[in-house]
1. What accessible area per residue comes out for chain A, rounded to a whole number of Å², with a 1.4 Å probe?
2. Just the accessible area for residue A:465, please: 1.4 Å probe, Å², rounded to the nearest 10?
3. Between residue A:142 and residue A:206, what is the spin-label point distance in nm, taking each point 7 Å from the Cα along the Cα→C-beta axis?
4. Can you list residues from other chains, or at least 5 along the same chain, whose modelled amide H is less than 5 Å from the amide H of residue A:161?
5. Suppose the chain between residue A:465 and residue A:676 were pulled fully straight at 0.36 nm per residue; how much longer would it get relative to their current alpha carbon spacing?
6. Give me the angle, in degrees from 0 to 90, between the Cα long axis of helix A:410-423 and the longest principal axis of the Cα atoms of chain A, rounded to the nearest 10.
7. Run the accessible area of region A:456-514 with a 1.4 Å probe and give the carbon-and-sulfur part as a rounded percent.
8. If I take R0 = 41 Å and measure r between the Cβ atoms of residue A:412 and residue A:554 in this structure, what FRET efficiency does the formula 1/(1 + (r/R0)^6) give, to the nearest 0.05?
Amino acid sequence: MNDTAAPSPTAAPRHDFAVAEPRWQAEWERRGCFAVPDVPDGSRPKYYVLEMFPYPSGKIHMGHVRNYTLGDVVARYKRARGFLVMHPMGWDAFGLPAENAARERGIHPAKWTYENIATMRAELKRMGLSLDWAREFATCDVAYYGQQQALFLDFLAAGLVERKESWVNWDPVDQTVLANEQVIDGRGWRSGAPVEKKKLSQWFFRITRYAQELLDGLATLDRWPERVKTMQANWIGRSEGARVRFRLTEPLGELREVEVFTTRPDTLFGMSFLAVAAEHPLAAAAAARDPKAAAFVAECRRMGTSEAAIEQAEKRGYDTGLRVAHPFVEGATFPVWIANFVLMEYGTGAIFGCPAHDQRDLEFARKYGLPVRPVVLPPGADPKTFAIGDAAYVDDGTIFNSGFMDGLGVAAARRAAIERLEATGQGRGEINWRLRDWGVSRQRYWGCPIPVIHCESCGIVPVPKDQLPVALPEDVDFSKPGNPLDHHPSWKHVPCPRCGRPARRETDTFDTFVDSSWYYARFCSPRAKVPVTRAAVDAWLPVDQYIGGIEHAILHLLYSRFFARAMKATGHLAVEEPFAGLFTQGMVTHESYRAADGRWLYPDEVEITVAPDGSRQAIEKATRAPVTIGRVEAMSKSKRNTVDPGAIIERYGADTARWFILSDNPPERDMEWTEAGVAGAFRFTQRLHRLTTAALPALPPPGTPVPATADGPARALRRATHRAIAAVTEALESFAFNVAVARIHELANAIAEAETAGAHADAGLAAARREALEALARLIGPMMPHLAEELWSLLRPGEARLVAELPWPEADPALLKAETVTLAVQVLGRLRATIEVPAGADEATVFALAEAQENVQRALGGKPIRKRIHVPGRVVNLVV
RNA sequence: GCCCGCCUGGCGGAAUGGCAGACGCAGCGGACUUAAAAUCCGCAGCCCACAGGGCGUGGGGGUUCGAGUCCCCCGGCGGGCACCA
């Protein structure tokens, strides 16, 4: 950190945040300003503000500061607008990092997690957030995950859970399942061994059952960003098409046909091959009798399970030598390939290839010399000469070379093809979803145990509810690879609840997305001995404003929407959509710094100097050696471009940190944390304090009305005050916090101007100054809550209510109306002059005045005016 | 690769299809000070033949009396891609 940015003493009494901030935090707590009951009495409308709860990684980071500041502004603003606001906080506390800490540093995951929570809770408290801390919980509290197990049992009984096989990334050296992020270039991050795909029996939530409802529900979410809804709709991926059965020309073992899902049955006559995924039963059967096929399948298995890895890999295939018959063309047969770009999870795991009208099929066909036969003719193309080059033709056109479909458009041909498939028993129309069931099994210790027991006689037996919670054992050994729960000496050995014979506990734990899929509901009755109490969730849900990172746009939000539906189906909730309003914030970024030897340096290890030409140089403080200033990117520990919020709050106070984070840019965009920006925000807090204290001796007593006759500077200041109230209100309502900040700057400027004018102060101006300063203190309340209380207590000593308890100020409409307006005068859309007219001036007057302008006359050049456009209050445009 | 965004002065940004650059940061000039810091006042998109004019919202095209804003194409940057949270 740059020393020149340090606060330095001034002559005037300064706002001492280090004293004031803890004092006001204690006062809010003493008065219980932010506590709300589980079941409110209904005297005020409820408002539920929730920010995505943090993973307790160690310390809070700037992303948290931004997230929780945004939420706190909403919470405080809505409270002032008369709502009963619930604003809770908790911890998303299960997950891999705790296990990594255990393996790498020998700290027990629970100890590591709860210590981190204690640190981060203290940091959040220093931010002055208006939270109801009585509702706090961590998902690793047995009181939470025990209730999660109860929910699971309800879902299981309701048929919303099933067990099936799926593929995982397997590290053959560490003998463990790897997360996608642990697979780097196809190798395990710790062992470096090539990763293989392995099939495991796992638990799944049947989210696909709600595919249509989750899609339809998006239309009701009018306070969600469009792009999030688009992403979810694409993810759910409804597609209408056909399932087509292709008969193998000769059976392969028990296999006699291959089923394909296609959205383009209209292009069936353009078929040139059939391809199956490497995990497809046919590929397995082919591999069993053909070593080369087996080798190809094995190679595909080394690719990892992520869709990105599969789709970015070079398209490769293996011709099995098998052939299938065409459903419409008697005697025509096509080769069956195994292809690495066919996804087993989507459709039937098999496709028919029509290279002329699908880009991926085309690339595959070109690579392996397969025929390319166009069957859709673009409008205006000549059927005799039309040929496909490098690009498949995927748009609409007229079907040709296609027997009974010839001459139809694409849509009609689809219907005709499906009709024929159904008539001949070779297929049917089908709706297919991209959405897959949600696999929730994880072979890990630090998660919620899945409450089932495997019995050799009874099969899978749910743990009876009266035996919940299934608590994690504390004595676990992380020295061996694999799941510590699985090799714990005693934990998994239990009698079968049904037959009493020795049985085994499920040793898989839940995906941590399960934990975060219902925490919003648990906050309504956080100490209940059931997952949720109906009275509480019925009163508080849905969340009115949910705030978090765009990176959760799909999975977390979709899973939460599923959970709300599943909880409704099992009688826990009445709502289907858990989040009525959603706001997605941008990331916090910072420059990165790199020493000549390649070391990344933290911002406070670097000293920046600005040359006269504006260019910036950096040196390392410790060595005085030059440092390369890198690009601005997301704060990350690896690049060391992080700034510790604790240090910032220590140095500048929470209000400054909050103000800077709000003022820098629109909250949905990435913001750049800069030392200069924080220092500027700090100076502004001092300026507001100075403006207030300097004015105090000149102000009339609290409650003195502004004389109605006030004019001149007094009237100008009153207008500025009321314009600011209106503008800040509008900005806060629309999440334009940076604009709210700008409007508050303008009000401060207006107050300072009035102070200068106040050399000949009259009673009117003095009263207007009080009005302005009081409004200012209250308008900053949601953003800089401590300073707001401080200024308010200076202006209104002895006042019973805190800013946190006051209603929001109201703008006087009479003071908002403009008396005159400035109009732009354009000639042919180009600005030539501006004119000042009374607010309600009629068009004739406006045009006459506009055309009389010397500059306008010159621009008109004597040509006749063909058209006059007048947008009242805005612009006049003269067309010649 | 696929899906979704974003791009405006030196920088962050503002702007119901209607005066582009509000407000702030950095900068420059001045006042105050023994001096510095702090504070206060002022200047400031770029260019030119400077009472004026031209060019300007990533690049190219279009719609419109009028486009940062709407449409099409291209480029760059970012988020997600199902076991990171």
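The values are calculated or read from the model by the stated rules, or taken from the named source; none is laboratory data. Source: prediction; values computed, not measured. Cβ sites come from the backbone with ideal geometry, for glycine too, and all protein chains shown count toward neighbours. Just the protein is used for accessible areas: all its heavy atoms, side chains included, with ligands, DNA and RNA removed. Shrake-Rupley method; radii C 1.70, N 1.55, O 1.52, S 1.80 Å.
1. Numbers: 38470 Å² over 880 residues.
Accessible area per residue, chain A: 44 Å².
2. Looks like 100 Å² after rounding.
3. Result for the modelled spin labels: 3.3 nm.
4. A:206
5. Values: separation 211, 0.36 × 211 = 75.96 nm, distance 5.74 nm.
Roughly 70.2 nm would be gained on extension.
6. Value to nearest ten degrees: 40.
7. Values: 1570 of 3200 Å².
Using a 1.4 Å probe with all protein chains present, region A:456-514 comes out at 49 percent carbon and sulfur.
8. Values: r = 35 Å, r/R0 = 0.85.
Approximately 0.75, to the nearest 0.05.
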